[in-house]
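Visitor: This is the structure, below, for whatever I ask next.
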4 protein chains.
Amino acid sequence: MPHNIAILGASGYTGAELVRLISIHPSFRIVALTGDRKAGQPMASVYPHLRHMDLPDLIKIEDLDYAGVDLVFCALPHATSQAVIPSIPQHVKIVDLSADFRLRNGADYEKWYGKPHAALEMQKEAVYGLTEFYRDEIKGARFVAGTGCNAATGQFALRPLIAAGMIDLDDIVMDLKAAVSGAGRSLKEHLLLAELDESVKPYSVGGTHRHLGEFDQEFSKIAGRDIRVQFTPHLLPATRGILLSCYLKGDAQAVHDTFARAYGDEPFIQVLPFGEMPAMKDVRASNFCHIGVAGDRIPGRVTVVATLDNLTKGSSGQAIQNANLMLGEAETAGLMAAPVYP
Amino acid sequence: MPHNIAILGASGYTGAELVRLISIHPSFRIVALTGDRKAGQPMASVYPHLRHMDLPDLIKIEDLDYAGVDLVFCALPHATSQAVIPSIPQHVKIVDLSADFRLRNGADYEKWYGKPHAALEMQKEAVYGLTEFYRDEIKGARFVAGTGCNAATGQFALRPLIAAGMIDLDDIVMDLKAAVSGAGRSLKEHLLLAELDESVKPYSVGGTHRHLGEFDQEFSKIAGRDIRVQFTPHLLPATRGILLSCYLKGDAQAVHDTFARAYGDEPFIQVLPFGEMPAMKDVRASNFCHIGVAGDRIPGRVTVVATLDNLTKGSSGQAIQNANLMLGEAETAGLMAAPVYP
Amino acid sequence: MPHNIAILGASGYTGAELVRLISIHPSFRIVALTGDRKAGQPMASVYPHLRHMDLPDLIKIEDLDYAGVDLVFCALPHATSQAVIPSIPQHVKIVDLSADFRLRNGADYEKWYGKPHAALEMQKEAVYGLTEFYRDEIKGARFVAGTGCNAATGQFALRPLIAAGMIDLDDIVMDLKAAVSGAGRSLKEHLLLAELDESVKPYSVGGTHRHLGEFDQEFSKIAGRDIRVQFTPHLLPATRGILLSCYLKGDAQAVHDTFARAYGDEPFIQVLPFGEMPAMKDVRASNFCHIGVAGDRIPGRVTVVATLDNLTKGSSGQAIQNANLMLGEAETAGLMAAPVYP
Amino acid sequence: MPHNIAILGASGYTGAELVRLISIHPSFRIVALTGDRKAGQPMASVYPHLRHMDLPDLIKIEDLDYAGVDLVFCALPHATSQAVIPSIPQHVKIVDLSADFRLRNGADYEKWYGKPHAALEMQKEAVYGLTEFYRDEIKGARFVAGTGCNAATGQFALRPLIAAGMIDLDDIVMDLKAAVSGAGRSLKEHLLLAELDESVKPYSVGGTHRHLGEFDQEFSKIAGRDIRVQFTPHLLPATRGILLSCYLKGDAQAVHDTFARAYGDEPFIQVLPFGEMPAMKDVRASNFCHIGVAGDRIPGRVTVVATLDNLTKGSSGQAIQNANLMLGEAETAGLMAAPVYP
């Protein structure tokens, strides 16, 4: 029996990606799409690539009738999400793709986002949506908060190593390369093709990127003490994808063994043979994450490189993976399409 | 019941695209992959993006056991295909993706490809694989020859207009923009990123592109007399996609009406509202073709723009669409995934 | 003796390109830069690539002291230019890069730009800035209006052919491919890297592009009767450059001969050997224009392809070429740097 | 008086870049160009962007007449250079752009390049071509060996810090992002646009990149003891440019001060205001290197980011800078053109 799905904020990139993925999902049926500024328009006028689909027109959130809706994907901008989610009726399950409910306490939220959280009660209810590590909680949850795309990449690269005590926790260096769609369909000068093509540039240097809040929360929880990683993202001349290079201190072969054990049964996490490195393009438009491990000429150093598609595994694919669990479907339903290459 | 599929030439881009599409096909099962130069290797070492799939290793064509194989996709290089196909056992259906069997008579083949055809008997048997226009023949065929990717684009843009007598047949100008993957995974200087990035360049100017053989054959057949179009392709700094701009003489509104009638029931051909134009990215990695029609300030002129993904609708997607028909499946099986955007 | 140069609107792409070109000009000295929204900022904060230059800070136009200024490049947005230029003191020469003074009569301006011209008297004074064809007028002019970048490309491709009666004037088809910088540093959704990368799309279809006003004006003047060309631009995933493919009726060899005669002595216009085609990248960041000519398998058809860099030869380079003439310098001064390749 | 210049290996990218830079050099005159596989061809047929220049045709090296030649740029492939250079007559000065003479002793060369050096005597004569640090030796040298492009970037980022004892020498992590032209005009699968566009991938991981030999040699020399840096390059979907992110332990403000002192008078090295980061595009096609410094939320950590154009400051521009000194010209002659942006 199909599940009735509504998407709030369907006019953004993660909204469009949800629709794309649902186009081949065996049991999800889209019954409502909201987009405040585009309300009244057919989805095909906002995203012509969806022209062939029989989709409801965009409506305002306040016009959404939740009767009959089984699950809502909330792809609203940060801050808007916390204003909307508390009013969703209790019979509706929720997967939030915004940053609003990723941090577990109000103080952390305020530190990284610069203002008090408006829905602290809901924040407590939210289950952190990194499926591979919160599977059981997600299965029983009504409300799941998806991870940040950079935060997901970093956690796939480091969680098993921290948990197994495989690396020096006080010397973690992460250099991330991110395509532009992570910034959404937003009109900012540095996202113009003319500004970025044939270029690359660091941003949020010095430990100021908001996804660090998630690293701090999760890594410290695993380690049982405060962990602070060094993390510098760079903007790439590409549309989709994240590739993260981690420079760590530990035994490379043991690190690789740890990954093999941790991810051996995971359908979406692929650990490459020792010494091989992934390319960002190898996971394009898919729900897969590839991880490579190599040693270094300097003994005791290990390089871990992880890559995923920010819009899929980093956001909308992860959201569907969680929704599958929440609705009693196979976790992989609708998500096994191979990456698009070349 | 699943159909057992073999792919000859699986190490090329169209071979990899077939595997990608079959990764979500409900009833196709890959039982053999050949790749002469890569024989013995796992597919994941040639195409790491397919790492998660449980695929047979690449073998040599001569080591392929056709017992139990229902259908072969032949993604071999041009000229190799005609050497291999005649020896495929009769119980196996064949979809050829090469250029070898697209032209119906030996003289035309020799004119455009510069040497005599080596399998003239098979050439007669081959059904031309432009599904939307050869559906009935394809359903009953054992052997289908896929169209060229440029040729498919041009035919979607012009066949209904020629058939309906909507345009001046002696003044057809076609300016095509093609991404590089149409040239395959081949080591040629002009395909290097450094040579093509931030550039665009005409090639095969003056009416020398081989896909003109298909235009001549098909358009002349429809019109009942010789038709010669003017066709100039340009190479784009992009990986996938073709966008074709046709400058025609006729009534723009009547042209749009003709398309609406011809393609109204086609699942993969989308005719845009009058005056709207498609973007190449709107069909990326999908089996869809978008067509736009606009008039001009000069009365009696009409511009038709068609776009598709050369590796999907222009090649491997089309091949699966044909195989679906040949094997009694729904024509759209495994092909309805929405385009990847952005 | 150096000439004192002011640039109005230095915070846009054509303004920055003027500064770049002047960085190696032997006799131009920048004495003032205006940029209303960025007034007070150093140029290096708006354009960090100019950090090494000793440049004046950006100021408001009304704070510009024209005393001692020999020539002003006016790189203001369209419509702003006509408001500012009339108030520039008479001792200052002016090269305008906007669209405001390209059309010679008020009715044409109003037709293409949708409102009455605010400085009709100045419009009459303006000399059209296509140097190769207005050299003598430019030498003696106080006020020169630079051509549009697309308009320049089209005129280099067609003027000698129209003048020599080499082509059918009623059947001129122009398919233009343009990089994004022609649209300036403006925040528009379709200029985002995520929207355009790996894509191409027609725009201003149907004969609605404003540069058609220039074609109409100039081609009709040469032919002595009304000429209307068919012109369709397409947006490319690239930063700089225009490549224009013209589909014409005439004798290809005679067309090539006509170009050879017309451009044989031109320092910046390079006519390729017959049958060879230019690539957009071959003129990158330079003041050169490359033109290729080929015949077609259809007798009497000829394809002319012209390419130039929209920011250099199409705008700021052309402006300096004109300023050189107006100030008595060698026409090529500061402009002979080879294109940047790859 | 002009200096007569010959370029050996003019058909590669660094050869073409030398020609481009010399096109605006006030006192260099190209008298010979060699290119063994392209011998007999005009340069314009190998590099159409140089069509406007009056250049000698390509010849074989053995046909080069050294009489009257003042200086040779040797842009030959690695290993070829050491076979050719010993036979160049003594009156000719030499700037080598290959890797052959960068390492000072034969053992190091054999370690990194896998075979014995064929010209050990010449190796001793070669002056290391990092102009800013070997200026005096270069002025008096007959033979200068240009640095590797990655090696140059890393040295601009680290030399002053190592010399001043500003950072922990045992914990230097370097993550480099490189455009493809550093690999030359070579037919390799991973350099195809279809393979790399929309991607990024690490290569030479684990401390195996050959430019490490230069880091080891130079950094150890400065420090007076063995220094081993951790260095991982990544291939970018871009044509030109290198951006290097260094993760270091030290005081960020003191690091910035050290750069300000070291590079305050350098014409080509630009140190950004504290906390600002450079973009790769900001130095495109120029001889400039931009360096940014930022602290981190973790006390005692500092991030240094340096960027330059691999073909210009990393190779051919550096070569001309050295040649200027060797020939008694101003060091900046012909090299002050502003970067190309956007």
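The values are calculated or read from the model by the stated rules, or taken from the named source; none is laboratory data. No experiment lies behind these values; they were computed from the predicted model shown. Here Cβ is always computed from backbone atoms with ideal geometry, including for glycine, and neighbour counts include all displayed protein chains. Remember, those area values only see protein heavy atoms, side chains included, never the ligands or the DNA or RNA. Shrake-Rupley method; radii C 1.70, N 1.55, O 1.52, S 1.80 Å.
Visitor: Spot the failing condition for residue A:251; the list is (1) at positive phi; (2) within 14 Å of chain D (Cβ to nearest Cβ), and only one is missed.
Guide: Here residue A:251 meets the rest and fails (1).
Visitor: Still on this structure: Any idea which of C:333, C:294, C:337, C:319 is among the small types (Gly, Ala, Ser), part of a strand (DSSP E or B) and at pLDDT 95 or above?
Guide: Exactly one residue qualifies, and that residue is C:294.
Visitor: State the number of residues belonging to the stretch A:24-36 that are within 12 Å of another protein chain (Cβ to nearest Cβ) and open to solvent by 30 Å² or more (accessible area, probe 1.4 Å). Reasoning before the result, please.
Guide: The initial filter retains those residues of the stretch A:24-36 that are within 12 Å of another protein chain (Cβ to nearest Cβ), namely A:24-26, A:30.
Imposing the further condition that a residue be open to solvent by 30 Å² or more (accessible area, probe 1.4 Å) reduces the set to A:24, A:26.
Going through the stretch A:24-36 one residue at a time, the tally reaches 2.
Visitor: Here is a further query. Could you please tell me which pairs satisfy a Cβ distance under 7 Å, a separation of 6+ or placement on different chains, a first residue in the stretch A:304-315 that is modelled with pLDDT of 95 or more, and a second residue that is polar (S, T, N, Q) and part of a loop (DSSP other than H, G, I, E, B)?
Guide: Once the first residue is modelled with pLDDT of 95 or more and sits in the stretch A:304-315, its partners that are polar (S, T, N, Q) and part of a loop (DSSP other than H, G, I, E, B) give A:309/A:286; A:312/A:286; A:312/A:287; A:313/A:287.
Visitor: Also, I was wondering about something else. Residues of the stretch B:265-286 being away from chain C (no Cβ under 14 Å) and either part of a helix (DSSP H, G or I) or out of contact with any strand residue (DSSP E or B) (no Cβ under 8 Å at 6 or more places or on another chain) (or both), which ones?
Guide: Passing the criteria: B:265, B:266, B:267.
Visitor: Can you tell me which residue is least open to solvent (accessible area, probe 1.4 Å) among those in the stretch A:37-48 that are facing another protein chain (nearest Cβ under 10 Å) and small (Gly, Ala, Ser)?
Guide: By that ranking, first place goes to A:44.
Visitor: Still on this model: Could you grab me the full set of residues in the stretch B:177-188 that are in contact (Cβ under 8 Å) with a residue 40 or more places away in the chain, in contact with a strand residue (DSSP E or B) (Cβ under 9 Å, 6 or more places away or on another chain) and either part of a loop (DSSP other than H, G, I, E, B) or acidic (Asp, Glu) (or both)?
Guide: If the condition is that a residue be in contact (Cβ under 8 Å) with a residue 40 or more places away in the chain, in contact with a strand residue (DSSP E or B) (Cβ under 9 Å, 6 or more places away or on another chain) and either part of a loop (DSSP other than H, G, I, E, B) or acidic (Asp, Glu) (or both), then B:179, B:185 are the ones that fit.
Visitor: Which numbered condition trips up residue D:208, out of (1) within 11 Å of chain A (Cβ to nearest Cβ); (2) surrounded by fewer than 21 Cβ atoms within 10 Å (Cβ to Cβ); (3) in contact (Cβ under 8 Å) with a residue 60 or more places away in the chain?
Guide: For residue D:208, the failing item is (3).
Visitor: Within the stretch C:137-155, is even one residue at pLDDT 95 or above, in contact with a Pro (Cβ under 9 Å, 6 or more places away or on another chain) and open to solvent by less than 60 Å² (accessible area, probe 1.4 Å)?
Guide: yes
Visitor: Then there is this: Where the second residue is in a helix (DSSP H, G or I) and open to solvent by 10 Å² or more (accessible area, probe 1.4 Å) and the first is among the aliphatic types (A, V, I, L, M) and lies in the stretch B:189-203, which pairs have Cβ atoms under 6 Å and are six or more apart or on separate chains?
Guide: Close Cβ pairs satisfying both conditions: B:191/B:183.
Visitor: Continuing with this model, one more query. Which residue is nearest to residue D:87 (Cα to Cα), if the candidates are limited to the stretch D:128-168 and must be in a loop (DSSP other than H, G, I, E, B) and hydrophobic (A, V, I, L, M, F, W, C)?
Guide: Within the stretch D:128-168, the match that is nearest to residue D:87 (Cα to Cα) is D:141.
Visitor: To continue, here is another question. Just to be sure, is residue A:238 more than 10 Å from chain D (Cβ to nearest Cβ), of a type in the set (Gly, Ala, Ser) and more than 30 Å from residue A:111 (Cβ to Cβ)? Even if it seems obvious, please write down each step before you answer.
Guide: Numbers: more than 10 Å from chain D (Cβ to nearest Cβ): no; of a type in the set (Gly, Ala, Ser): yes; more than 30 Å from residue A:111 (Cβ to Cβ): yes.
Spelling it out, it is not the case that residue A:238 is more than 10 Å from chain D (Cβ to nearest Cβ), of a type in the set (Gly, Ala, Ser) and more than 30 Å from residue A:111 (Cβ to Cβ).
Visitor: Further question on the same structure: Confirm whether residue C:199 is over 25 Å from residue C:313 (Cβ atoms) and either under 19 Å from the mean Cα position of the chain (by Cα) or surrounded by 18 or more Cβ atoms within 10 Å (Cβ to Cβ) (or both).
Guide: Against the criterion (over 25 Å from residue C:313 (Cβ atoms) and either under 19 Å from the mean Cα position of the chain (by Cα) or surrounded by 18 or more Cβ atoms within 10 Å (Cβ to Cβ) (or both)), residue C:199 qualifies.
Visitor: Kindly check whether there is at least one residue in the stretch D:87-95 that is modelled with pLDDT of 95 or more, within 22 Å of residue B:195 (Cα to Cα), surrounded by fewer than 23 Cβ atoms within 10 Å (Cβ to Cβ) and among the hydrophobic types (A, V, I, L, M, F, W, C).
Guide: no
Visitor: To continue, here is another question. Could you grab the pairs with beta carbons closer than 6 Å, sequence gap of 6+ or different chains, first residue in the stretch C:223-239 and assigned to a strand (DSSP E or B), second one open to solvent by 20 Å² or more (accessible area, probe 1.4 Å) and β-branched (Val, Ile, Thr)?
Guide: C:230/B:298; C:232/C:205
Visitor: Return yes when residue A:178 is within 11 Å of chain D (Cβ to nearest Cβ), in contact with a His (Cβ under 9 Å, 6 or more places away or on another chain) and either open to solvent by 10 Å² or more (accessible area, probe 1.4 Å) or within 26 Å of residue A:77 (Cα to Cα) (or both) and no when it is not.
Guide: yes
Visitor: Residue under question is residue A:309, and the condition is that it be within 14 Å of chain D (Cβ to nearest Cβ) and open to solvent by 10 Å² or more (accessible area, probe 1.4 Å); does it hold?
Guide: For residue A:309, the condition - within 14 Å of chain D (Cβ to nearest Cβ) and open to solvent by 10 Å² or more (accessible area, probe 1.4 Å) - is not met.
Visitor: For the stretch D:246-257, which positions are under 26 Å from residue D:135 (Cα atoms) and either of a type in the set (Ser, Thr, Tyr) or open to solvent by 20 Å² or more (accessible area, probe 1.4 Å) (or both)?
Guide: Across the stretch D:246-257, the qualifying residues are D:254, D:256, D:257.
Residue-by-condition table, conditions (1) open to solvent by less than 20 Å² (accessible area, probe 1.4 Å); (2) in contact (Cβ under 8 Å) with a residue 60 or more places away in the chain:
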site: A:3; (1), (2): no, yes
site: A:13; (1), (2): yes, yes
site: A:16; (1), (2): yes, no
site: A:50; (1), (2): yes, no
site: A:58; (1), (2): yes, no
site: A:69; (1), (2): yes, yes
site: A:77; (1), (2): no, yes
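Visitor: Can you work out which of the residues in the stretch A:211-235 that are open to solvent by less than 10 Å² (accessible area, probe 1.4 Å) and of a type in the set (Val, Ile, Thr) is farthest from the other protein chains (Cβ to nearest Cβ)? Don't jump to the end; show me each part of the working.
Guide: Kept after step one, since they are open to solvent by less than 10 Å² (accessible area, probe 1.4 Å), are these residues of the stretch A:211-235: A:212-215, A:218-219, A:227, A:229-234.
The next check asks that each one be of a type in the set (Val, Ile, Thr); those that pass are A:227, A:229, A:232.
Values: A:227: 11, A:229: 8, A:232: 6 Å.
Checking each candidate, the answer is A:227.
Visitor: Which condition from (1) closer than 25 Å to residue A:145 by Cβ; (2) away from every other protein chain (no Cβ under 11 Å) is the one that residue A:16 breaks?
Guide: So residue A:16 meets the others, but not (2).
Visitor: Right, next: May I ask you to list the residues in the stretch A:111-127 that are buried (at least 20 other Cβ atoms within 10 Å of the Cβ) and assigned to a helix (DSSP H, G or I)?
Guide: Those that are buried (at least 20 other Cβ atoms within 10 Å of the Cβ) and assigned to a helix (DSSP H, G or I): A:122, A:123.
Residue-by-condition table, conditions (1) touching a helix residue (DSSP H, G or I) at 6+ places or on another chain (Cβ under 8 Å); (2) among the basic types (Lys, Arg); (3) closer than 26 Å to residue A:37 by Cβ:
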{"residue": "A:87", "(1), (2), (3)": "no, no, yes"}
{"residue": "A:94", "(1), (2), (3)": "yes, no, yes"}
{"residue": "A:100", "(1), (2), (3)": "yes, no, yes"}
{"residue": "A:105", "(1), (2), (3)": "yes, no, no"}
{"residue": "A:120", "(1), (2), (3)": "yes, no, no"}
{"residue": "A:126", "(1), (2), (3)": "no, no, no"}
{"residue": "A:137", "(1), (2), (3)": "no, no, no"}
{"residue": "A:150", "(1), (2), (3)": "yes, no, no"}
{"residue": "A:154", "(1), (2), (3)": "yes, no, no"}
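Visitor: Can you pull out the residues in the stretch A:252-299 that are of a type in the set (Gly, Ala, Ser) and touching a Leu at 6+ places or on another chain (Cβ under 6 Å)?
Guide: Taking the stretch A:252-299 and keeping what is of a type in the set (Gly, Ala, Ser), we get A:252, A:254, A:260, A:262, A:264, A:275, A:279, A:285-286, A:292, A:294-295.
A:292, the sole residue that qualifies.
Visitor: Also: Considering only the stretch C:258-294, how many residues are surrounded by fewer than 21 Cβ atoms within 10 Å (Cβ to Cβ) and touching a helix residue (DSSP H, G or I) at 6+ places or on another chain (Cβ under 7 Å)?
Guide: Total meeting the criteria: 3.
Visitor: A follow-up question, please. Which residue pairs have Cβ atoms closer than 9 Å, lie 6 or more positions apart in sequence or on different chains, and pair a first residue in the stretch D:90-110 that is part of a helix (DSSP H, G or I) with a second residue that is among the aromatic types (Phe, Trp, Tyr)?
Guide: Listed pairs, sorted by first residue: D:109/D:101.
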